[in-house]
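Visitor: Right, I'll just put the structure down here and ask away after.
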Amino acid sequence: MSLWRVEQLTPGVCREWFDHGQIAVYRVLDGSNETVNAYIDAALAQLKIARPNRPLLMIHDLTGENLAFTPYFRRRGEEIAEYMETHPVSSVSAVILPKSVIARPIQNYSEQFTQRAKRANQRNFDSFEEGLAWVRTYLTKV
């Protein structure tokens, strides 16, 4: 792995940069409103500065032990889909799912998100290493 930099956005979410800042990894540890706001706000900020002809490469690690996929979390996630529907940006994202009962609702939401945000190439994984390897295949394509 080629970890480049780590930013602690709140106690519940950090953003790690891999491959010299080309891949952003969001590690979400809980579902508190503070964590959700920091996570979604940071992802939206990235989308807003993205170049239209170059997809953002991201990993969303949702395996935090205290993660709760709340209605508020879903609602804030919709802001990303709405933004992608109305702006010429694209993304390649791996969603790392927990090996627990919370995985199913996140997986369902992830599939709906991809159907709605057409320029979001997103796949679910149960291993960070597999997700990172898949996202890295796009490094040569951007």
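Here, each number is a calculation from the coordinates, and none is a lab measurement. This structure is a prediction, so every number in the text was calculated from the model and none was measured. Quick reminder, even Gly has a Cβ in these numbers, built from the backbone with ideal geometry, and neighbours come from all protein chains shown.
Visitor: Taking amide H positions as placed in the peptide plane 1.01 Å from N, state which residues far from Leu9 in sequence (5 or more) or on other chains have amide H under 5 Å from it.
Guide: Cys14, Arg15
Visitor: Along Cα→Cβ, 7 Å out, is where each label goes; now give me the distance between the ones at Gln107 and Glu65 in nm to one decimal.
Guide: My value for the distance between the label points is 2.4 nm.
Visitor: Something else now. Taking amide H positions as placed 1.01 Å from N in the peptide plane, with prolines and chain starts having none, which residues 5 or more places from Asn124, or on another chain, fall under 5 Å of its amide H?
Guide: Distant-sequence amide H within range of Asn124: Val95.
Visitor: Quick check on the chain: helices-only [θ] at 222 nm, where DSSP H runs of length 4 and up contribute -39,500 (n - 2.57) each and the sum goes over total residues. Nearest 500, please.
Guide: -12500 deg cm²/dmol
Visitor: Still on this structure, I have one more. If you build the Cα gyration tensor of the chain and take the root of 5 times each eigenvalue, what three semi-axes come out, in whole angstrom, biggest first?
Guide: Equivalent-ellipsoid dimensions as semi-axes: 20, 18, 15 Å.
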